[in-house]
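The values are calculated or read from the model by the stated rules, or taken from the named source; none is laboratory data. Because the structure is a prediction, the values reported are computed rather than measured. Neighbour counts run over all protein chains shown; Cβ positions are idealised from the backbone, glycine included. These area figures cover heavy atoms from the full protein model, side chains too; ligands, DNA and RNA do not enter into them. Shrake-Rupley method; radii C 1.70, N 1.55, O 1.52, S 1.80 Å.
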Amino acid sequence: MADIMPILSKSRIAVDGVGVPRQVIRTYGTKEDKDMHLGLTARNINDKLAQFLEKEL
């Protein structure tokens, strides 16, 4: 990302991310349970992407 920032410095840009937090998950449950707890379901990711794309720069 550091390589492209100078090129984009004259443009208005927005950056956002979706990922697994650094917290350690010490709860029991299925992968789906943990994904839901972290907001990493397909629906949550899709909603976050839609909100990001609707933002004005």
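Values computed for the structure shown
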| read-out | value |
| --- | --- |
| Pair list, Cβ under 6 Å, 6 or more apart: the stretch 1-16 residue closer than 17 Å to GLU56 by Cα, other residue among the aliphatic types (A, V, I, L, M) and at pLDDT 75 or above | none |
| From the options ARG43, ARG22, ARG12, residue that is open to solvent by 90 Å² or more (accessible area, probe 1.4 Å) and over 18 Å from the mean Cα position of the chain (by Cα) | ARG12 |
| Test: LYS34 is surrounded by 11 or more Cβ atoms within 10 Å (Cβ to Cβ) and in contact (Cβ under 8 Å) with a residue 24 or more places away in the chain | no |
| Residue tally, condition in a loop (DSSP other than H, G, I, E, B) and in contact with a Ser or Thr (Cβ under 7 Å, 6 or more places away or on another chain), over the stretch 16-57 | 0 |
| Among (1) touching a residue at least 12 places away in the same chain (Cβ under 8 Å); (2) out of contact with any Asp or Glu (no Cβ under 7 Å at 6 or more places or on another chain) - the single one LEU53 does not satisfy | (1) |
